[in-house]
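These notes are about the structure you will find just below.
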Amino acid sequence: MGQSSAKRTVFLIWLGWVVAILGFQTFVTARLDVRRPDYAVFWTAESTRVGGPQDRKFYLQEPFMRQQSAWDSEYYLAIAIGGYEDPNVDRLGNSIESSGTPTYWPFVAQGTSTTVRPGLPLSYAFFPFYPLMIRLLAWPLSLLGMNAIATATLAGVIVSTLGTLAAMLALYELAKDELGESGGIRAAFYLLIFPSGFFLAQVYTEGLFVGLAFSSLALLRKERYGWAALLAVLATFTRAAGVLLVVPLLLSWLRKGEWLDLDIEWRQVYFNGLPWKSIGRALIILAPAIAFGLWKMSDLGRAFTRVEEEFFGRGFLSLGYTYTAWTEAFDLLFGSNLQSAAYYFVEFLGIVLGFTACIVGLKRHPDVAWFGLLVVLISFTSGPAQGMYRYVIAAPPVFLFLSRLGKNPAFDRVWSLASTLLMAVMAIMFTFDLWAG
């Protein structure tokens, strides 16, 4: 099979998957019903009861493609349509400073209401690039005559699925040198059927993020540093984990040996002026970290930190909180609440697989493996015991590891069956607004 034929196969698998996953979510709402509430996590019973908070979310009531928007989808749609200060999302406190004057964060989209309420919208916990892509694509889609929420939802799904296609092609490129054409196709396919793979077709950042991050890594392998750095910056503005792409950029630069020339260049500063070539290379390599640092110092970055810490309870390397939270989660595996036990079984499966795949990959592909390992580690130590099986989908060594194991036909069939069944269950949970991580 030639490379063009293999990529065509990847495309056809992606196209069939898009039809299958969207069709499946439509089918289950026609064929099944669920009993509320969901007791998977301690707080989900209140959130998922009949008439509860999920049933009152302004951006989650649109019937069109309702199955593809739940939970955090609300914030992406709100930012895309109304900006960060959209009045239709919940807010963190009143943000009253010591002077008694409310603090406002005036990031309101043009054409929307300029009425700003006190407090900090929870939307600030989410990065701007995915909502921006939704807004840009919604402009031509508005010709279809749908309302703003329906148009933005369709745009969000298209952006997510196209990002997924880019991630599949990048995985194929990352895997084929070691595992051949069939191994590259297998790695791309395993991405789609991972237990959290359905998120790649929802109004969530997963599809766009893996498309940008995996493509950056694939370009880095070809030593296209400028394009790799650009995609890394865009990935950083999609999810915070994108900044970790600075590590494979640095590793690739060090392995190439260009750093050996820096000492010579800097010794010539006195005679020839500043070594702009080495300065330019450094800016390219460090671009994700520079972009993230500038963003963190902005009003958007400061608002992000506050909402993440005070409402969502997440932080950087929260080791004590992480230990307590995941210890309690482990105990729930053996408790009487079967919903919690089933949910945390999938979570711990993702954690074990994520760490194992990345550690095993350190020798074979250190650039990709270090990025994946840091993604898993930073996500795991961010605080609350939830979402890990979704976060590890951003670690490409997981799919390279599985593809290597998948050379065994028995493993390939068994994993494909088991992973698809798990994904179907979790997709049903998401479709019915129950907790899916």
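The values are calculated or read from the model by the stated rules, or taken from the named source; none is laboratory data. Just so we're clear, the structure is a prediction, and the values are computed from it rather than from any experiment. Note that we place each Cβ from the backbone using ideal geometry, even for glycine, and neighbour counts take in every protein chain shown. What goes into the accessible areas is simple: the full protein's heavy atoms, side chains included, and nothing from ligands, DNA or RNA. Shrake-Rupley method; radii C 1.70, N 1.55, O 1.52, S 1.80 Å.
Among the residues of region 402-420, is there at least one that is in contact (Cβ under 8 Å) with a residue 24 or more places away in the chain, under 29 Å from PRO248 (Cβ atoms) and among the basic types (Lys, Arg)?
Checked region 402-420: at least one residue is in contact (Cβ under 8 Å) with a residue 24 or more places away in the chain, under 29 Å from PRO248 (Cβ atoms) and among the basic types (Lys, Arg).
Run GLU223 past the list (1) more than 17 Å from LEU22 (Cβ to Cβ); (2) part of a helix (DSSP H, G or I) and report the number of the one that doesn't hold.
Of the numbered conditions (1) more than 17 Å from LEU22 (Cβ to Cβ); (2) part of a helix (DSSP H, G or I), the odd one out for GLU223 is (2).
Could you list, in sequence order, the residues of region 164-195 that are on the phi < 0 side of the Ramachandran plot, open to solvent by 10 Å² or more (accessible area, probe 1.4 Å) and either of a type outside the set (A, V, I, L, M) or in contact with a Cys (Cβ under 7 Å, 6 or more places away or on another chain) (or both)?
Hits for region 164-195 are GLU173, LYS176, ASP177, GLU178, GLU181, SER182, ARG186, PHE189.
Can you list residue pairs whose Cβ atoms sit under 6 Å apart, with the first residue in region 203-219 being open to solvent by less than 10 Å² (accessible area, probe 1.4 Å) and the second being outside any helix (DSSP H, G or I)? Count only pairs 6 or more apart in sequence or on different chains.
VAL203/SER69; THR205/THR238; THR205/ARG239; PHE209/THR238; PHE209/ARG239; PHE214/PRO396
Within region 43-89, track down each residue that is assigned to a loop (DSSP other than H, G, I, E, B), within 20 Å of LEU154 (Cβ to Cβ) and open to solvent by less than 10 Å² (accessible area, probe 1.4 Å).
The answer is SER69, ALA70, ASP86.
Taking interchain pairs and intrachain pairs at least six residues apart, which have beta carbon atoms under 9 angstrom, with the first residue in region 26-43 and farther than 20 Å from GLN67 by Cα and of a type outside the set (A, V, I, L, M, F, W, C) and the second assigned to a helix (DSSP H, G or I) and open to solvent by less than 70 Å² (accessible area, probe 1.4 Å)?
Filtered contacts from region 26-43: TYR39/ALA45; TYR39/SER340.
Return the residues of region 55-90 that are more than 23 Å from the chain's Cα centre (by Cα) and among the basic types (Lys, Arg); say none if nothing qualifies.
Of everything in region 55-90, just one residue is more than 23 Å from the chain's Cα centre (by Cα) and among the basic types (Lys, Arg), namely ARG56.
Quick check on my filter: what residues within region 375-423 are among the small types (Gly, Ala, Ser), open to solvent by less than 40 Å² (accessible area, probe 1.4 Å) and part of a helix (DSSP H, G or I)?
SER379, ALA394, SER403, SER416, SER419
Please verify whether region 148-162 includes one or more residues that are open to solvent by less than 30 Å² (accessible area, probe 1.4 Å), in a loop (DSSP other than H, G, I, E, B), touching a residue at least 60 places away in the same chain (Cβ under 8 Å) and closer than 19 Å to GLY82 by Cα.
Scanning region 148-162 turns up no residue that is open to solvent by less than 30 Å² (accessible area, probe 1.4 Å), in a loop (DSSP other than H, G, I, E, B), touching a residue at least 60 places away in the same chain (Cβ under 8 Å) and closer than 19 Å to GLY82 by Cα.
Take the residues in region 291-328 that are among the β-branched types (Val, Ile, Thr) and closer than 18 Å to GLU85 by Cβ; name whichever of them is surrounded by the most Cβ atoms within 10 Å (Cβ to Cβ).
VAL307
Can you find even one residue in region 229-238 that is out of contact with any His (no Cβ under 9 Å at 6 or more places or on another chain), outside any helix (DSSP H, G or I) and at pLDDT below 95?
no
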